[in-house]
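This report concerns only the one structure given below.
The values are calculated or read from the model by the stated rules, or taken from the named source; none is laboratory data. Here the structure is a predicted model, which means the values were calculated and not measured. Using ideal geometry, Cβ is built from the backbone for each residue, glycine included, and neighbour counts are taken over all protein chains shown. Just the protein is used for accessible areas: all its heavy atoms, side chains included, with ligands, DNA and RNA removed. Shrake-Rupley method; radii C 1.70, N 1.55, O 1.52, S 1.80 Å.
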Amino acid sequence: RISYEDALLCYGCDKPDLRNPLLIRELKDIFERSSFTAFSNAVKNGAVVRAVGVVGAEKQPRSFFDKLNDWAKDHEMPGLGYIIFDGEEVKGPIAKFLTKEEIYAIGERVLTASESDEFNSGAVFFVCDQRKKAEKISGLLRQKLGTDLGLCSDGFELCWVVDFPMYELNEDTGKIEFSHNPFSMPQGGMEALEKMNPLEIKAYQYDVVCNGVELSSGAIRNHLPELMIKAFEIAGYDAETTKEKFKGMFNAFQYGAPPHGGCAPGIDRIIMLIADEPNIREVIAFPLNQQAQDLMMNAPAAVADNQLKELHIKLDLSKKLALK
C-alpha cells in the first residue's frame, strides 16, 4: 500500500511502476539556504527540488548525460542539473556551486537505501520547479533512467494507492472542488468535514495498479444523507441543489443504505498486461478510431426523425451547425 501523497513524491505519479527500483527524493530543505541561487531563489518562490539517484551511473559516458540534458529541454526545462560521485571525485555542472556539506547531504539522502548505508559512487539528477510540474518531470525522469539503464525487472508488480484527497483547489477559479469521486466516504466522517481544512481531508478511495497501469479505481462510498449534504456544501452546492441534482441517491439514503464499497478491475487492461501489449486498443475487439468512431457498427451515425420522435428528443441546431 502506498499513500497518494507518497506516490507523487517517490514515483512522480499516482500509478507507480514498481518494476523500476529508482525512487525520487525531496531536497527542498537542502537548497532553500544554498548559495546555488538558481535553486534557492526558485524555492523561495514556491518551487520544490526533486532528485533521482542512480548508483553505477557514474560509469556512463559523457554522451549519456548530454542526451539527458537534451531530453530535459524537450520537456520545457532549461536543462538537467546533475552531480556525479566517483569515489573521492565529485563533478557535474552544479557541483561547483555547492558546499561540501550540501554535496554530502545530497548523496547521503539520494544514493543510500537506508541510514546504515555508505555511498561513494553514483549520479544524482535534479528537477527544480513548481510542485505539480516537478512531480511530472521527475516521474518521467525516473521512468527514462530506469528504462535506458536496464534497471526495470520483468513480471508483474502490483500495489494499492490509498488515501486520495477528498478535495482539491481549482487553480483557475480558486474554488474548492471534489478531487475524484464525490460520493466517497471522507476519512473522519462528519467531524472531518466540519473541523478540518478541506484540502487536508482524505477519502476512502483507492486504486489497484500493476506495472504503472491503473486496473481499477474504487472507494468506500458515503451512505449517510446528512454527510452527503455537508460534503457537497464544501464543494459549493447548497442543500437544495444537492437534493435536486442527486435526487435518486439522496432519496435512497433515506431508507437506510448499508455501508458499501468495492472496485471492478477491467479485464481488458489485465489482458493487455498479460499479452505484453503497449496499447489497450490491441486487445479490444472493436476499438474506436481517432475520431471516436466505431467502424464496425458505423457509430455514431445520423438518427432518423421517427427514432427521435419515439424518444421525445428534439434537435434544435442552428443552420450553421446542421450544415457541418
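Numerical summary
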| read-out | value |
| --- | --- |
| Filtered residues of the range 179-192 (kept if closer than 22 Å to Met249 by Cβ and either among the charged types (D, E, K, R) or in contact with a strand residue (DSSP E or B) (Cβ under 6 Å, 6 or more places away or on another chain) (or both)) | Ser179, His180, Asn181, Phe183, Ser184, Met185, Pro186, Gln187, Ala192 |
| Positions within the range 131-184 being within 14 Å of the chain's Cα centre (by Cα) and without any contact (Cβ under 8 Å) to a residue 12 or more places away in the chain, in sequence order | Lys132, Lys133 |
| Residues satisfying the stated conditions in the range 168-178, i.e. of a type outside the set (D, E, K, R) and in contact with a strand residue (DSSP E or B) (Cβ under 8 Å, 6 or more places away or on another chain) | Leu169, Asn170, Ile176, Phe178 |
| Contacts under 9 angstrom Cβ, first residue in the range 51-80 being more than 16 Å from Lys91 (Cα to Cα) and of a type in the set (Lys, Arg), partner modelled with pLDDT under 90 and surrounded by fewer than 17 Cβ atoms within 10 Å (Cβ to Cβ), 6 or more apart | Lys73/Gly79 |
| Among the candidates Asp276, Asp207, residue that is at pLDDT 95 or above, among the charged types (D, E, K, R) and outside any helix (DSSP H, G or I) | Asp207 |
| Residue among Ile280, Ile271 that is surrounded by 14 or more Cβ atoms within 10 Å (Cβ to Cβ) and either in contact with a Pro (Cβ under 9 Å, 6 or more places away or on another chain) or within 15 Å of Asn222 (Cβ to Cβ) (or both) | Ile280 |
| Residue tally, condition over 28 Å from the mean Cα position of the chain (by Cα) and under 21 Å from Leu140 (Cα atoms), over the range 67-91 | 1 |
| Number of positions in the range 174-218 that are of a type in the set (D, E, K, R) and open to solvent by less than 20 Å² (accessible area, probe 1.4 Å) | 1 |
| Test: Phe232 is assigned to a helix (DSSP H, G or I), open to solvent by less than 60 Å² (accessible area, probe 1.4 Å), at pLDDT 95 or above and within 16 Å of Ser184 (Cα to Cα) | yes |
